[in-house]
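Data block below; observations after.
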Amino acid sequence: MTTPHAPSSKPPHPCLACGACCATLRVDFSIHETQEYGGRVPQGLAEPITDTLCRLRGTDYARPRCAALTGTVGEKVACGIYEWRPSPCREFAAGSDACNRVRRRHHLPPLEQPH
Ligand code: SF4
Ligand code: SF4
């Protein structure tokens with residue numbers, strides 16, 4: 001059974017209708033962020049690249065798309081490992097120049113302000 005949500009005056013976060021960065025960029029991070037090394041990123045999503053670096057699975061394909069991303073880019077998306085996502089994902093700022101660049105590549109309008 002689902003619980004109905006109370007109406008909220010806050011608009012939904014723009015990332016929930018985007019996902020462009022997760023389907024454009026190569027995402028590398030330290031192996032120390034993986035569960036194997038005491039971090040939180042699930043091992044199955046971390047492809048070792050060097051002795052010290054991992055890459056999110058799917059992000060270096062010819063048409064990149066992180067394996068943790070669900071939904072349709074530009075419509076409705078979610079990160080399957082949101083609580084455990086690596087630092088580059090946490091640091092990528094919605095509304096930044098880099099964000100608006102990748103949004104443009106997916107034919108999405110720029111965000112007017114940082115979120
Ligand atoms: S950070 Fe920017 S590009 Fe990434 S999902 Fe959010 S709005 Fe889209
Ligand atoms: S881990 Fe989540 S936030 Fe990071 S690229 Fe993948 S889907 Fe996007």
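Things worth noting here:
- What the Cβ-Cβ distance of residue 16 and residue 51 gives, at R0 = 22 Å and to the nearest 0.05, is a FRET efficiency of 0.05.
- More than 23 Å apart - percent of Cα-Cα pairs taken over the chain: 34
- Selection from 100, 50, 82 lying farthest towards where the dipole of region 14-105 points positive, charges on Cβ: 100
- In this structure region 1-95 gives 66 Å² per residue of accessible area when probed at 1.4 Å with all protein chains present.
- A Förster distance of 30 Å, applied to the separation of the beta-carbon atoms of residue 40 and residue 101, puts the FRET efficiency at 0.60.
- Estimated distance in nm for a label pair at residue 62 and residue 112, the labels positioned 7 Å out from Cα along Cα-to-Cβ: 4.0
The values are calculated or read from the model by the stated rules, or taken from the named source; none is laboratory data. The shown structure was predicted, so the numbers you read here are calculated from the model rather than taken from an experiment. Every residue, glycine among them, receives a Cβ derived from its backbone with ideal geometry; neighbour counts consider all protein chains shown. SASA here: full protein model, heavy atoms, side chains in, ligands and nucleic acids out. Shrake-Rupley method; radii C 1.70, N 1.55, O 1.52, S 1.80 Å.
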